[in-house]
1. Taking only the Cα atoms of region 115-232, how large is their convex hull per residue, in Å³?
2. Would you mind getting me the FRET efficiency between residue 149 and residue 115? Use the beta-carbon distance for r and R0 = 25 Å, nearest 0.05.
3. With every protein chain present, what accessible area does residue 166 have (1.4 Å probe, heavy atoms only), rounded to the nearest 10 Å²?
4. Starting at the first residue of region 54-62, write each ³J(HN,Hα) from the Karplus equation 6.51 cos²θ - 1.76 cosθ + 1.60 with θ = phi - 60°, in whole Hz, x for Gly and Pro.
5. What does the charge dipole of region 125-242 about its Cα centre add up to, to the nearest 20 debye, if the Cβ of each Lys and Arg holds +1 and the Cβ of each Asp and Glu holds -1?
6. Please give me the summed charge of the neighbours of residue 80: other residues whose Cβ is under 13 Å from its Cβ, Lys and Arg +1, Asp and Glu -1.
7. For the Cα atoms of the chain, what angle does the longest principal axis make with the long axis of helix 192-203, in degrees from 0 to 90, nearest 10?
8. In whole Å, largest first, what are the principal axis extents of the Cα atoms in the chain?
Amino acid sequence: MQISPQLKNRFKNSKNILALTGAGISAESGVPTFRGKEGLWKQYRAEDLATPQAFRKDPKLVWEWYLWRMELISTKSPNPAHFALAELEKKRSDFYLITQNVDGLHKKSGSEKVMEIHGNIFRNRCISCAHFYDSDLSKLKISIECANCGNLVRPDVLWFGESYDTELLNQAVSLAERSELALVIGSSGAVGIPVELARIAKENGAFVIEINLDPSGYSRYADLFLQGKAGEILPEIVSYFV
Ligand code: APR
């Protein structure tokens, strides 16, 4: 990909680089996105199942969906896009990564400073005593009851209608405010708060670069739109940051 010397300079000289990733960065690993055609599970959408109401109504159905996703994701590996951001973290101490993804693939690729603002599908918690469990898929198939208090265990992910962890969100806002260059990668902008982070970065002077197959709800804040696959674009541009 040809980029101008000015842009190369901007990559090299910008401080506090921020990457905000969505399901699209994991698409090339074979993890279904939420709003792509393959994202549907049976006749359900994420909005139907990833809610406290759905869990109260039918916890087993919601767990069936999460077990399906956990088992699928556990067979997937990071792709070149994940590895490119892990490499960028090694080369730039002022690089920060915020992800909406719960698939754990950023950490699996070697990224250590990962802010999982929507939680992690492989971590579960009791709805009452907040006892945490790492997913042992075999156990979860047998019981979704808390060993500590007997109440229900749920995935430790953010559901529609739930509030973000305040501490985590404040940290994310602060990173957005301080970033001089923000990469928005593989997200549709269907969910409000992450789009707000892009707006905050933009309004605080960041140069915003969007990497996506198609325009999205973030595109209005993008100074540069790099259309294409994250797994092809990111490895190419990461070298310009050092
Ligand atoms: N490279 C770059 N972008 C891609 C690729 C790819 N290979 N494949 C798909 N995309 C883009 C799509 O064009 C789309 O804009 O990734 C985006 C995926 O959008 P969604 O499926 O809506 O995923 P995301 O934006 O992460 O959803 C946000 O919604 O369901 C909730 O909590 C869930 O974190 C999720 C949030």
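The values are calculated or read from the model by the stated rules, or taken from the named source; none is laboratory data. Note that the structure is predicted; figures quoted are calculated from it, not measured. Backbone-built Cβ (ideal geometry, glycine too); neighbour counts: all protein chains shown. Accessible surface areas use protein heavy atoms only, side chains included; no ligands, DNA or RNA. Shrake-Rupley method; radii C 1.70, N 1.55, O 1.52, S 1.80 Å.
1. So the per-residue hull volume is 126 Å³.
2. Using R0 = 25 Å, I get an efficiency of 0.25.
3. Here the residue's solvent-accessible area equals roughly 100 Å².
4. For region 54-62, the Karplus-derived couplings read 4, 5, 5, 6, 8, x, 5, 5, 5 Hz, x marking Gly and Pro.
5. Numbers: 9 positive and 16 negative charges, 49 e Å.
That gives region 125-242 a dipole magnitude of about 240 debye.
6. Values: positive: 229; negative: 28, 87, 232, 236.
That works out to -3.
7. That works out to roughly 20 degrees.
8. Computed over the chain, the largest-to-smallest principal extents equal 60, 32, 30 Å.
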